[in-house]
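The values are calculated or read from the model by the stated rules, or taken from the named source; none is laboratory data. Being a predicted model, the structure only gives us computed values, none of them experimental. Because the Cβ atoms are built from the backbone with ideal geometry, glycine has one as well, and the counts that use them run over all protein chains shown.
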Amino acid sequence: MNFECTDVQQTWRDKAQALGRGLAEDPAAGDVIAGAARLGLIDPRADLIAASLAVEALASESAAAGMTLALHTTVLLAFPRHQGEGWMTALARGEIVGALALSSEDVPAIDNGRLSGRAAWVGPITEHGVAVVGARQGSDVTGCAVALDGDGVRVTEARASALRGFVWAYVTFAGTPCMAGAAPTSIMARARTLIASVALGIGSRALRESLAVVHREHGAGGEQTVQGLLADTATELEAARMLTWQAAAGGDQVSLADGSMAKLAATSAAQAAVARATQVVGVDSFRRGHVVERLTQDVRAIELFAGRTEALRESVGDAALPQVSRQSAVGSRR
């Protein structure tokens with residue numbers, strides 16, 4: 001596959017980087033999405049690679065902003081057959097913010113188009129947002145869109161030290177009208193791919209901060225040991241980026257296995273990048289409010305939401321191991 005970015009994709013990346021540099025340190029979700037809409041970064045027809053590039057560039061300036069754009073984009077793409085409806089138009093214009101339930105800790109139930117029960121770790125929470133949550137319908141689980149200011153909705157904010165400015169919540173529904181029908185695996189595949197891009201942005205920022213210290217304290221060359229650490233970071237991030245772009249190239253057909261593989265690789269590379277940045281920056285990185293201290297908190301959140309490591313491995317294994325078994329069986333017959 002050719003991974004060379006098109007002019008349009010590069011434009012999305014450049015616009016997102018400019019947006020990130022103009023945002024407040026702890027940007028509100030509404031400000032992020034309104035700004036992204038003004039720059040043309042919210043489009044239900046855009047390819048997933050362009051969206052991934054935009055999310056990564058934005059996350060390298062603000063992890064919370066990158067996460068907001070990633071989840072809003074996931075919601076925007078979740079109901080392709082309803083693009084002409086009022087709430088979908090509002091999402092595409094950036095007038096309301098899309099949120100996603102990122103934990104299966106609690107799953108509400110749907111009956112006759114109404115939702116009851118609780119969804120866990122829904123975000124970003126805004127006053128008039130639309131959330132997509134997984135809901136049980138008989139023996140199946142389906143994706144449902146529900147207005148956060150709808151009837152029978154109660155929001156309980158959940159405190160988190162990571163992704164400052166991003167508001168999480170447990171949301172309880174009591175017979176709340178909703179729109180059901182989105183495939184949960186498709187939603188989660190796109191979410192994991194875009195969250196992988198958030199992780200890449202965090203890792204890139206950690207590398208950037210490390211390089212700044214090296215140039216300031218050691219000149220352009222730097223110490224050989226430090227150069228080795230940062231070379232490992234650059235290599236791992238680039239490898240994870242290729243997996244993320246490969247997943248994003250699937251577009252509407254992105255597989256859960258590809259999205260899971262991308263998130264596995266990207267979160268692992270980002271965690272290593274932040275750990276090495278701590279070594280390079282030194283004790284200052286533990287100072288409260290230091291950018292590396294914040295990245296340490298942010299990367300932990302990215303790892304946990306939308307599939308912990310064990311769940312990601314299971315998704316990849318379900319897709320990869322049958323292929324290995326078939327290949328082994330063919331080989332044994334030869």
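Got at least one residue in the stretch 104-114 being within 19 Å of residue 186 (Cα to Cα), modelled with pLDDT under 90 and surrounded by fewer than 21 Cβ atoms within 10 Å (Cβ to Cβ)?
yes
Looking only at the stretch 182-201, count how many residues are over 12 Å from residue 102 (Cα atoms), more than 11 Å from the chain's Cα centre (by Cα) and in contact (Cβ under 8 Å) with a residue 60 or more places away in the chain.
The qualifying residues number 3.
Among the residues of the stretch 4-53, how many are surrounded by fewer than 19 Cβ atoms within 10 Å (Cβ to Cβ), assigned to a helix (DSSP H, G or I) and of a type in the set (A, V, I, L, M)?
The number of residues fulfilling the criteria is 4.
Based on this model, can you work out whether residue 172 counts as of a type outside the set (Lys, Arg), at pLDDT 95 or above and out of contact with any strand residue (DSSP E or B) (no Cβ under 6 Å at 6 or more places or on another chain)?
Working: of a type outside the set (Lys, Arg): yes; at pLDDT 95 or above: yes; out of contact with any strand residue (DSSP E or B) (no Cβ under 6 Å at 6 or more places or on another chain): no.
Criteria not met by residue 172.
Output the qualifying pairs, or none if there are none: Cβ atoms under 9 angstrom, residues six or more apart or on different chains, first residue in the stretch 133-153 and part of a loop (DSSP other than H, G, I, E, B), second residue acidic (Asp, Glu).
Once the first residue is part of a loop (DSSP other than H, G, I, E, B) and sits in the stretch 133-153, its partners that are acidic (Asp, Glu) give 148/127; 149/127.
Within the stretch 147-166, work out how many residues are among the hydrophobic types (A, V, I, L, M, F, W, C) and within 20 Å of the chain's Cα centre (by Cα).
At the first step, the residues of the stretch 147-166 found to be among the hydrophobic types (A, V, I, L, M, F, W, C) are 147-148, 153, 155, 158, 160, 162-163, 166.
Narrowing the set further to residues that are within 20 Å of the chain's Cα centre (by Cα) leaves 158, 160, 162-163, 166.
Total meeting the criteria: 5.
Please verify whether residue 68 is closer than 21 Å to residue 199 by Cβ, in a helix (DSSP H, G or I) and β-branched (Val, Ile, Thr), treating the condition exactly as stated. Walk me through it before giving the result.
Working: closer than 21 Å to residue 199 by Cβ: yes; in a helix (DSSP H, G or I): yes; β-branched (Val, Ile, Thr): yes.
The answer is yes for residue 68.
For the stretch 227-244, indicate whether the set of residues that are touching a Gly at 6+ places or on another chain (Cβ under 6 Å), closer than 30 Å to residue 12 by Cβ and not in a helix (DSSP H, G or I) is non-empty. Step through it out loud before you land on a result.
Our first condition is that a residue be touching a Gly at 6+ places or on another chain (Cβ under 6 Å); within the stretch 227-244, this holds for 237.
If we keep only those that are closer than 30 Å to residue 12 by Cβ too, we end up with 237.
Cutting the leftovers down to not in a helix (DSSP H, G or I) gives us none.
No.
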